Amino acid sequence: MGKLKPSTIRIGRRYRANRLDGPYDAVIIGSGMGGLTTAALLSELGWKVCVLEQHYTAGGYTHSYDRNGYEWDVGVHYIGDVGAPTRTRMMFDFVTDGKLKWAPMDDEYDRFFVGDKVFSAIAGKQQVRDNLVRRFPTEERAIDVYLQLLSQVGKALSAYSMAKLLKPWQRLLAWPYLKLKIPALMFRNTYDVLSELTDDQDLIAVLCGQWGDMGLPPRRSSFMVHAMIARHYMHGGYYPVGGSWKIAESVIPQIQKAGGEVFTYALVKRIVLDGDGVTGVEMTDGHIIDCACVVSSAGIDNTFNRLLPPAAVSKAGYGPLLERVTPSMAHLGVYIGLQETAEQLGLPKTNFWIYPHNDFDGAVDTFMADPEAPFPVVYISFPSAKDPDYASRRPGTATIEIVAPAPFAWFEKWQGTTWGKRGDDYDAFKARLGERLMQHLYEKLPQLEGKVDYYEVSTPLSTDHFCAYQYGELYGLDHDPARLQQTWLGPRTRFTGLWLTGQDVLTCGVTGAMMAGLLTASAILGPRQSAGLLKRIFSRNSSD
C-alpha cells in the first residue's frame with residue numbers, strides 16, 4: 001500500500017484568527033460547489049465573503065489529492081451538459097470567469113456490464129434513441145415515450161427550482177401554478193414509471209445504468225432525479241482539464257476580487273444565535289466571527305445536528321423534519337497508480353459500470369445483508385485518460401479510480417479512531433474489499449494485471465475525516481420521492497440570517513450543488529438584485 005503522505009494539492013489560505021479581515025458581509029461554512037458558487041455570486045455584487053473549510057484544501061468533493069507521484073479526484077469523475085452554451089456551461093463559465101476548460105470523453109462515455117451482457121451509452125440525443133432502438137428493436141415505442149418523459153421533466157425543473165425560492169406564504173399562493181407545471185410522475189419511483197413503459201428488464205437496467213450517480217437503485221429513487229441525470233449526460237461526458245481541483249482554483253479568485261477569502265483548516269464549532277437570529281460563527285479556537293448572514297454548505301445533518309444548539313433546533317420545529325430524511329449511501333474508493341501512460345496501457349475515456357445482473361435493487365439488498373455478496377455496482381473511471389493535461393503534470397504515469405457502495409454500519413466500530421491509525425483489523429478488512437474491487441478491474445482490462453504500482457482504499461470513515469460527512473454519504477440526503485417533496489429543504493431556514501446551500505438544497509452532484517448555490521444567492525439577494533445577476537450570467541456567450 002505504501003506510506004501515506006500529505007497531499008500537496010492545496011487550494012485556499014490556511015486559517016488563522018489574525019488572518020481574518022472582517023467585517024464580512026457573509027460567512028459560508030464549507031467550500032463545496034454550493035458554498036463556492038454562493039460566495040462567487042455574492043462577490044460579483046460586491047459582497048465581502050469569508051468561506052470556512054475544515055479540510056486542508058478547498059473544493060469539497062471537487063478536491064483532488066496526490067500520493068506517491070500520482071493524482072486522483074475524490075468526487076468528480078465526469079460532468080455533462082458543458083459541451084455547448086447551456087445554462088450549466090454558462091454557470092461554470094461565470095463563476096470561474098471562463099478559466100475552467102473541458103475535455104470531451106469518448107462518444108461511448110459510459111459502458112454498462114450487466115451480468116454477461118454489455119451495453120453502451122452514446123453521446124447525442126438522436127444517437128441515444130438510435131442506440132437504444134438498435135439494441136431493443138421491439139421496444140421502440142417505449143423508448144420514444146421514455147424520451148418524451150425526460151423532456152417533460154426537463155421543462156418542469158424551472159418551476160420546481162423556483163418553488164425553492166418562495167417563502168411559505170408565497171408557495172401557498174403559487175400552489176395552483178406549481179401543481180400545473182410540476183407533473184406528479186416526478187415524485188414517483190423510477191422503476192414504477194419505467195415498468196409502465198416496458199416489461200424488458202434489460203432495457204430498464206440500461207436506462208437506469210447510471211443509478212450510481214445519485215446513489216439509489218430504481219425502485220427507491222425519484223424519477224425526477226433519474227431524468228435529470230439522463231438529460232445531463234444526453235450529449236456525453238466531459239472532464240475538467242487539469243483535474244477536478246481546477247474547479248475550486250478557478251472560482252476562488254472571483255471571491256478574492258471583492259476582498260473575500262477561502263480559509264482551510266477552518267473548523268467551525270457552532271453557529272452563534274441571538275434568539276432566532278444568527279450573529280456569526282464560533283471557531284474551534286474560540287474566535288467568534290461576527291456576521292448577520294451565515295450560509296451553511298455543510299449539509300443538513302451537520303448544520304442541524306452539529307452546528308446549531310439542540311434546543312434552538314427543537315424550538316424551531318426541525319426535530320420531526322429531520323426524522324423524515326436519511327443519509328445517502330456510503331462508498332468505498334480505490335485509487336490506483338500505474339507506471340505507464342494511459343495510451344500505453346490502452347485505458348479508455350469511457351466509464352465502466354459493472355453489475356452482477358439486471359435486478360439492481362435485489363443486488364443492493366443482498367449486498368447490504370452480506371459483505372461477501374457481489375458488489376451491486378462497481379464504477380471504474382480513468383481520469384488520466386480523460387484529462388489531456390495529465391501527462392504534462394505526471395509524465396509516464398496513469399491513474400484509475402474505482403467506486404463501490406459500502407454500508408457505513410460495517411465500519412461503525414472504528415468510528416472515532418485516527419485516520420491512518422485505525423488498527424490491523426480495520427486495515428485487513430478494507431484490504432480484502434480493495435482486492436475484490438481490483439479483481440473487477442483485471443477482469444475487464446486483463447492487460448493491467450502486474451502493472452499496478454500503487455493503490456490505496458478509502459472507506460466511509462475516510463469520507464467523514466476529509467469531507468465531514470458523518471455517515472460517509474456521497475450524495476448528502478437520499479434522493480427518494482419523499483425527500484424531493486419536502487418544501488423545507490431549500491435555501492431559507494427558520495433562523496433569521498441563516499441560509500442553506502449545497503446538494504441537500506436541490507439535487508446531488510457538482511452541477512446540482514452549483515445550481516443550489518445560485519438559488520441560495522438569489523434568495524439572499526432578493527428578486528430585484530437576483531434578476532440582474534441572472535441576466536448577467538445567462539446573457540454571456542459561453543467560451544469553448
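The values are calculated or read from the model by the stated rules, or taken from the named source; none is laboratory data. Remember, predicted model here, so these are calculated numbers, not experimental data. In this analysis, Cβ positions are derived from the backbone assuming ideal geometry, glycine residues included, and neighbour counts consider all displayed protein chains. The accessibility values were calculated without ligands, DNA or RNA, using every heavy atom of the protein model including side chains. Shrake-Rupley method; radii C 1.70, N 1.55, O 1.52, S 1.80 Å.
Could you state the accessible area per residue of segment 1-116 in Å², with a 1.4 Å probe and every protein chain left in place?
Result: 35 Å² of accessible area for each residue.
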- Task: Return the long-range amide H neighbours of residue 453 (sequence gap of 5 or more, or a different chain), with a cut-off of under 5 Å between placed amide H atoms.
- Result: 337, 338, 339
- Message: Need one number: % antiparallel among DSSP beta bridges in the chain, to the nearest 5.
- Response: 70 percent
- In whole Å, what is the distance between the alpha-carbon centres of segment 179-203 and segment 212-267? 26 Å
- Expected field for residue 488, accessible surface area in Å² at 1.4 Å probe radius, rounded to 10, holds 30 Å²
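Applying a 10 Å radius around every beta-carbon, put 20-28, 81-89 in order of their mean neighbour count, most first.
Put in order of decreasing packing, that is 20-28, 81-89.
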- Task: Can you send over the solvent-accessible area of residue 291, 1.4 Å probe, protein chains only, in Å² to the nearest 10?
- Result: 10 Å²
- Note on the structure: Relative contact order in percent for segment 421-502 (Cα pairs under 8 Å, 6+ apart) equals 14 percent
- Throw me the Rg/Rh for segment 47-183, computed over C-alpha atoms with Kirkwood Rh, two decimals. 1.05
- Note down the accessible area of residue 440, probe 1.4 Å, to the nearest 10 Å². 40 Å²
- Note on the structure: Among 349/444; 246/444; 386/444; 179/315; 99/386, the pairs whose Cα-Cα distance exceeds 21 Å are 246/444; 179/315
- What is the distance in Å between the Cα centres of segment 269-330 and segment 395-427? 28 Å
- Task: Would you mind telling me the share, in percent, of accessible area of segment 145-206 contributed by carbon and sulfur at probe 1.4 angstrom?
- Result: 60 percent
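For segment 70-184, calculate the relative contact order in percent as a whole number, restricting contacts to Cα pairs under 8 Å that are 6 or more residues apart. Each step should come with its number before you reach the end.
Working: 57 pairs, mean separation 13.0, N = 115.
Reported as a whole number, the value is 11 percent.
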- Task: Kindly rank 64-76, 509-521, 116-128 from highest to lowest mean number of other beta carbons found within 10 Å of each residue.
- Result: 509-521, 64-76, 116-128
- Query: Using alpha-carbon pairs under 8 Å, 6+ residues apart, how would you state the relative contact order of the chain in percent?
  - Reply: 24 percent
- Place the peptides 190-196, 317-323 in order of packing, highest mean first, counting for every residue the other Cβ atoms within 10 Å and averaging per peptide. 190-196, 317-323
